[in-house]
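The values are calculated or read from the model by the stated rules, or taken from the named source; none is laboratory data. All values reported here derive from a predicted model rather than from experimental measurement. Quick reminder, even Gly has a Cβ in these numbers, built from the backbone with ideal geometry, and neighbours come from all protein chains shown.
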Amino acid sequence: MIPGNCSPWFHARRSFPCWWQYLFAVLHEILYTSLMTENHYRLSHLEGAVKHLDEESSELIRVCNDLRQEEITEEIEVILLSADNLAVAGKPAHGKNRSQ
């Protein structure tokens, strides 16, 4: 609804007519609502992206820990096999002691 009368102060200022002010206010509200809706959409999109990155980061940390544990296990196996080989090499052949 366009206001039909304006204050005398308004006419004394020789500004835009009242319907221009009304139109400006309506357009301002439409623009403001549009920007708020767009910002809300962008914010929810970014929150989803951050959640996805957090989940991916957790998964990569878990995989990294699994690989590290596997590497440690392999190193322990190598150490144990080396110790077994040293123990076998140190046993006397056919019951004879090497120091004799």
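Residues satisfying the criterion are present in segment 6-23 (criterion: surrounded by 10 or more Cβ atoms within 10 Å (Cβ to Cβ), of a type outside the set (S, T, N, Q), modelled with pLDDT of 90 or more and in a helix (DSSP H, G or I)). Against the condition modelled with pLDDT under 95 and not acidic (D, E), how does L81 come out, does it pass? It is true that L81 is modelled with pLDDT under 95 and not acidic (D, E).
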